[in-house]
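What follows is a short report on a single structure.
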Amino acid sequence: MNINTFSEFFVYNNEICSDKDLKLSSGEKVYEVIRVIDGAPLFLEEHIQRLEKSIELLGYKSQITDEEINKNIYKLIEKNKVENMNIKIIFNYYKDGFESVFYFIKSSYPKEYVYDQGVKVITLKAERDNPNIKKVNNDFKNMVKYKLEEKNAFEALLIDEDEYITEGSRSNMFFVKGREIYTAPKGDVLLGVTRANILKACEDLNVIVIEKNLKKEELKEIDGLFMSGTSIGVLPIGIVDEEEYNSAKNTIIKDIRREYEKRVLEDINNNKG
């Protein structure tokens with residue numbers, strides 16, 4: 001597997017490198033994507049915890065300390081002099097050993113007008129092999145990419161064999177009914193770092209969160225919906241397949257986004273330097 005770094009330098013096995021031809025060995029790879037804002041990694045501690053959880057669920061032991069992860073991230077930011085971009089971390093467990101790589105990836109973030117309108121998503125019959133592990137799966141990624149391009153959509157709502165909505169292909173999903181928020185139970189989805197901070201925002205706002213899978217047919221009964229992720233934060237959804245929703249104007253969604261952005265600002269200020 002080749003890495004597609006979007007900056008001059010990357011960190012391989014704790015050392016600064018610039019060899020663009022680096023190829024990772026064949027093995028089991030877990031990864032994490034961390035957003036850098038104003039030179040500071042967002043929700044760094046939570047990302048490290050989730051990375052370690054993925055390693056544990058695969059049955060491996062961490063071969064790199066939290067301190068080394070921290071140092072590698074800040075070393076990468078400083079060496080490349082990058083202020084706003086996403087970092088990808090890959091830990092690769094292969095037959096004869098372990099390797100780690102930290103690098104900047106091509107990153108794009110929705111414009112403000114997108115949050116004012118909402119995005120289009122499609123429904124897709126698909127499930128992750130193990131939703132709790134953030135594991136490299138290029139076949140799944142390429143299949144979803146093809147479907148999104150075909151329908152000119154931003155994201156896909158994954159539907160399981162029982163017609164339940166689980167999550168997005170690269171995001172967590174939230175559905176609004178009155179003053180209540182519905183989202184999938186912990187065991188059924190990847191526990192996103194953004195998702196966790198949205199749940200805390202809901203708690204601060206006294207918004208009731210119900211962890212329950214909705215069926216596809218229940219989309220007719222909701223008032224609005226949004227997705228969450230590292231690059232997008234809280235992003236309203238305006239269309240599901242051909243059905244339209246006024247999610248961007250929904251008061252609950254607007255309040256949650258505002259409260260989430262407050263948490264982002266606080267965390268960035270804490271992590272600068």
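The values are calculated or read from the model by the stated rules, or taken from the named source; none is laboratory data. Being a predicted model, the structure only gives us computed values, none of them experimental. With ideal geometry, Cβ positions are generated from the backbone for all residues, glycine too; neighbour counts draw on all protein chains shown.
For segment 1-43, which residues satisfy the criterion of being without any contact (Cβ under 8 Å) to a residue 60 or more places away in the chain and exposed (fewer than 13 other Cβ atoms within 10 Å of the Cβ)? Once the filter is applied, which keeps residues that are without any contact (Cβ under 8 Å) to a residue 60 or more places away in the chain and exposed (fewer than 13 other Cβ atoms within 10 Å of the Cβ), segment 1-43 yields Asn2, Glu15, Ser18, Asp19, Lys20, Asp21, Lys23. Kindly establish whether Glu167 is surrounded by fewer than 19 Cβ atoms within 10 Å (Cβ to Cβ), out of contact with any Cys (no Cβ under 8 Å at 6 or more places or on another chain) and of a type outside the set (S, T, N, Q). No, not satisfied. Among the residues of this structure, Arg179 does not count as one that is in contact (Cβ under 8 Å) with a residue 40 or more places away in the chain, surrounded by fewer than 21 Cβ atoms within 10 Å (Cβ to Cβ) and closer than 23 Å to Ile239 by Cβ.
Glu67 passes every criterion in (1) out of contact with any Pro (no Cβ under 9 Å at 6 or more places or on another chain); (2) within 24 Å of Leu190 (Cβ to Cβ); (3) assigned to a helix (DSSP H, G or I) apart from (2).
Among the residues of segment 94-109, count how many are over 22 Å from the mean Cα position of the chain (by Cα) and in a strand (DSSP E or B).
Residues that pass the stated criteria total 4.
Candidates in segment 44-80 are the residues that are farther than 20 Å from Ser228 by Cβ and of a type in the set (Lys, Arg); of these, the one that is surrounded by the fewest Cβ atoms within 10 Å (Cβ to Cβ) is Lys61.
Listed by position, the strands (runs of 3 or more DSSP E) enclosed by segment 1-57 that each have at least 1 residues that are modelled with pLDDT of 95 or more, out of contact with any helix residue (DSSP H, G or I) (no Cβ under 6 Å at 6 or more places or on another chain) and basic (Lys, Arg) are 27-37.
Tell me whether segment 235-251 contains one or more residues that are among the aromatic types (Phe, Trp, Tyr) and within 23 Å of Ala126 (Cβ to Cβ). So far as segment 235-251 goes, yes, one or more of its residues are among the aromatic types (Phe, Trp, Tyr) and within 23 Å of Ala126 (Cβ to Cβ). Would you mind finding the one in Asn86, Asn92 that is among the polar types (S, T, N, Q), surrounded by 18 or more Cβ atoms within 10 Å (Cβ to Cβ) and within 24 Å of Glu261 (Cα to Cα)? Just a single option satisfies the conditions, and that option is Asn86.
Considering only residues in segment 45-82 that are farther than 17 Å from Ser100 by Cα and among the aliphatic types (A, V, I, L, M), the one that is farthest from the chain's Cα centre (by Cα) turns out to be Val82.
Give segment 74-93 a look and list any residue that's in contact with a strand residue (DSSP E or B) (Cβ under 7 Å, 6 or more places away or on another chain) and assigned to a helix (DSSP H, G or I), or say none. Of everything in segment 74-93, those that are in contact with a strand residue (DSSP E or B) (Cβ under 7 Å, 6 or more places away or on another chain) and assigned to a helix (DSSP H, G or I) turn out to be Lys75, Leu76, Ile77, Lys79, Asn80. Residue under question is Leu190, and the condition is that it be out of contact with any helix residue (DSSP H, G or I) (no Cβ under 8 Å at 6 or more places or on another chain) and among the hydrophobic types (A, V, I, L, M, F, W, C); does it hold? So Leu190 fits the description; yes. If you go through segment 151-169 and keep only what is in a loop (DSSP other than H, G, I, E, B) and farther than 13 Å from Lys120 by Cβ, you end up with Asp160, Glu161, Asp162, Glu163, Ser169.
Among the candidates Asn213, Asn206, the residue that is more than 19 Å from Leu235 (Cα to Cα) and without any contact (Cβ under 8 Å) to a residue 12 or more places away in the chain is uniquely Asn206. In a helix (DSSP H, G or I) and among the β-branched types (Val, Ile, Thr), is that true of Ile253? Here the answer is yes, as Ile253 does meet what is asked.
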